[in-house]
C-alpha cells in the first residue's frame, strides 16, 4: 500500500488552482484572513491599556437637573424673618463691640450683616403678595443703607 503525502486525488487529476476559483471558498479564506488579522491586532491594542488600575477610564457622572422649586409666601416669609433675627443678633454684637471701642469688630459684623441683609432682600423680592413684599423691601432697604454707612464710617476709623 502506497502512502502519499498531501492531497489525495483519488485517481483524478487534481488542479489546486481550481480550488481558489470558487466564490464560497474565497469568502471563507477572506473571513479566516480577517479573523487572523483581528487575532493578531487584539493583543497589541490591549497592551496599550493602563495597568494596575481598576477603571482605566474615569466613568462620567450622570447629570441630574433639579426642577425649580417655588416656595410659598409663608415659607419665604419665615426665611426672611429668620434672616432678620440673625441681623438683630449681629446688631447686639455690634453694640457690644462699639461700647468697648473695638471698631474692627464692628466693621466685621457690619459687613456680615450687610451680606445677610442683601440675601434677605433677595428673599423679599420673591414674595408673591404685593403688600407684604413692599413692606419687607422698604424695611430691608433702610437696613441695607444703614449698614453701608456703618461700614464706611468704621473703615475710616
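The values are calculated or read from the model by the stated rules, or taken from the named source; none is laboratory data. In this text, all values refer to a predicted model and were calculated from it rather than measured experimentally. No Cβ is skipped: glycine too gets one built from the backbone with ideal geometry, and neighbour counts run over all protein chains shown.
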_Count - residues of the stretch 94-137 that are over 17 Å from residue 84 (Cβ atoms) and assigned to a helix (DSSP H, G or I)_ = 13
*Test result for residue 96, over 12 Å from residue 150 (Cβ atoms), more than 36 Å from the chain's Cα centre (by Cα) and modelled with pLDDT of 90 or more*: yes
_Among (1) touching a residue at least 12 places away in the same chain (Cβ under 8 Å); (2) surrounded by 12 or more Cβ atoms within 10 Å (Cβ to Cβ); (3) within 36 Å of the chain's Cα centre (by Cα) - the single one residue 151 does not satisfy_ = (3)
*Kindly list, by first and then second residue, each pair from a residue in the stretch 129-140 that is over 14 Å from residue 79 (Cβ atoms) to a residue that is assigned to a helix (DSSP H, G or I), limited to pairs with Cβ atoms under 6 Å and residues at least 6 apart or on different chains.*
129/73; 137/124
